[in-house]
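**Q** Just dropping this structure here.
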Amino acid sequence: MKNKGRWVILDGLHRLMKLYIQGNKIINVRIIPRGKIPEIVE
């Protein structure tokens, strides 16, 4: 999600780093609107 104009990784940093180390230039992500965060936490 975006926070104060910057993208923030909410989950899966280890998966992102694995893809980065493997040299992937394009990574599929899900963009979660800030208003949906309470639904995820439950």
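Readers should treat all values here as calculations from the given coordinates under stated rules, not as data from a laboratory. Predicted model only: the values in this text are computed from it and were never measured. As a convention, Cβ positions derive from the backbone with ideal geometry for all residues, glycine included, and neighbour counts pool all protein chains shown.
**Q** Mean residue ellipticity at 222 nm from the helices of the chain, using -39,500 (n - 2.57) per DSSP H segment of n ≥ 4 over the full residue count, to the nearest 500 deg cm²/dmol? If you can, show how the numbers build up before the last one.
**A** Working: 2 runs with 14 residues, N = 42.
About -8500 deg cm²/dmol.
**Q** Enumerate the calculated ³J(HN,Hα) couplings along segment 15-30 in order (Karplus 6.51 cos²θ - 1.76 cosθ + 1.60, θ = phi - 60°), each rounded to whole Hz, writing x wherever the residue is Gly or Pro.
**A** Using θ = phi - 60°, the values come out as 5, 4, 5, 4, 5, 4, 5, 6, x, 5, 9, 10, 10, 6, 9, 10 Hz.
**Q** Looking at LEU10, ILE40, GLY23, which one has the Cα that reaches farthest to the positive end of the dipole of the chain (charges on Cβ: Lys, Arg +1; Asp, Glu -1)?
**A** GLY23
**Q** Which log10 I(q)/I(0) values does the chain give at q = 0.14 Å⁻¹ under the Debye formula, counting every alpha carbon as one identical point scatterer?
**A** Results for the chain at q = 0.14 Å⁻¹ read -0.40.
**Q** Now, a different point. Within the chain, count lysine pairs with alpha carbon atoms under 24 angstrom apart where the residues are 8 or more positions apart or belong to different chains. List each step's numbers first, then the result.
**A** Values: LYS2/LYS18; LYS2/LYS25; LYS2/LYS36; LYS4/LYS36.
Pairs that pass both the separation and distance tests number 4.
**Q** Please report, in debye to the nearest 20, how large the charge dipole of the chain is about its Cα centre when each Lys and Arg carries +1 at its beta carbon and each Asp and Glu carries -1 there.
**A** Computed charge dipole of the chain: roughly 260 debye.
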